[in-house]
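First the structure, in the form of structure tokens, and then the observations on it.
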């Protein structure tokens, strides 16, 4: 079996930045263990699988360790592939485990329409500051645990104990702080789900955008994920939805032999 496969740097305007995702086009769904094995072989934060069903495109996302319910950068990458195949297409609506996810083409930028997942405040989490190697000012929780730190320099300088973070019960830990040039910055650590550090995480901004929109008193925000690769996200809170915009670059195109 020969499967078309693409590797796209999402939330990037040049190669070697942003977050790389694999996109695999299927005629029909493969058994889950096979898709999981393909994601493990790719060894990227996420591999997206697409099947065109009667109702439209359905998308599923796999890390090297498990299937996830929402992934922003691999959705952006998937839309980039489909828009390239049909340059006149203005919008794509994916069906997913998180409902309908639309992607609009706005010039050179692609804009995700994602659910808003505002976090709830939590009591301090024992061992979290020690695992991150920095003082945690506040702790919030949605799908991910959100640790608010003092400033951007602290977020950039983190060298966390990934084994300790993997031992926590949460899907992942997102660290965030006010930005110096952007409205806010973040990093994402998910060793428990096979992603030690994700370079740019669209799904985390489903939580970060409503959090910072409430704190800063405005709905349009510019965000930087300050991982070593880094990425820029243009975000807007739209009621119970979050718009997350960015660019993408194709890095590889080929055939996966199965």
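What are the residues in segment 175-191 that are crowded, with 20+ Cβ neighbours inside 10 Å and either in the same structural domain as residue 61 (by TED's automatic domain parsing) or touching a helix residue (DSSP H, G or I) at 6+ places or on another chain (Cβ under 7 Å) (or both), if any?
Correct list: 175, 176, 177, 184, 185, 186, 187, 189, 191.
Out of the residues in segment 77-101 that are surrounded by fewer than 18 Cβ atoms within 10 Å (Cβ to Cβ), more than 13 Å from residue 59 (Cα to Cα) and in contact with a strand residue (DSSP E or B) (Cβ under 6 Å, 6 or more places away or on another chain), which is modelled with the lowest pLDDT?
Ranking the candidates gives 90 first.
Which number in (1) without any contact (Cβ under 8 Å) to a residue 40 or more places away in the chain; (2) in contact with a helix residue (DSSP H, G or I) (Cβ under 6 Å, 6 or more places away or on another chain); (3) over 21 Å from residue 9 (Cα atoms) marks the one condition that residue 118 misses?
Result: residue 118 passes all but (1).
Which of the residues spanning segment 231-246 are farther than 14 Å from residue 204 by Cα and surrounded by 21 or more Cβ atoms within 10 Å (Cβ to Cβ)?
246, the sole residue that qualifies.
In segment 71-92, what residues are under 18 Å from residue 171 (Cβ atoms) and either part of a loop (DSSP other than H, G, I, E, B) or assigned by TED's automatic domain parsing to the domain that holds residue 197 (or both)? Spell out how you get there, then give the answer.
Quick first cut of segment 71-92, residues under 18 Å from residue 171 (Cβ atoms) only: 71-75.
The answer is 71, and nothing else.
Taking the stated definitions as given, is residue 191 over 22 Å from residue 120 (Cβ atoms) and under 18 Å from the mean Cα position of the chain (by Cα)? It would help to see each step written out before you state the result.
Working: over 22 Å from residue 120 (Cβ atoms): yes; under 18 Å from the mean Cα position of the chain (by Cα): yes.
Against the criterion (over 22 Å from residue 120 (Cβ atoms) and under 18 Å from the mean Cα position of the chain (by Cα)), residue 191 qualifies.
Of the residues 99, 56, 72, which is in contact (Cβ under 8 Å) with a residue 12 or more places away in the chain and touching a helix residue (DSSP H, G or I) at 6+ places or on another chain (Cβ under 7 Å)?
Numbers: 99 fails: touching a helix residue (DSSP H, G or I) at 6+ places or on another chain (Cβ under 7 Å); 56 fails: touching a helix residue (DSSP H, G or I) at 6+ places or on another chain (Cβ under 7 Å).
Step by step, each of 99, 56, 72 is checked, and only 72 is in contact (Cβ under 8 Å) with a residue 12 or more places away in the chain and touching a helix residue (DSSP H, G or I) at 6+ places or on another chain (Cβ under 7 Å).
The values are calculated or read from the model by the stated rules, or taken from the named source; none is laboratory data. Bear in mind the structure is a predicted one, so any value in this text is a computation, not a measurement. All Cβ positions, glycine included, derive from the backbone under ideal geometry; neighbour counts span all protein chains shown.
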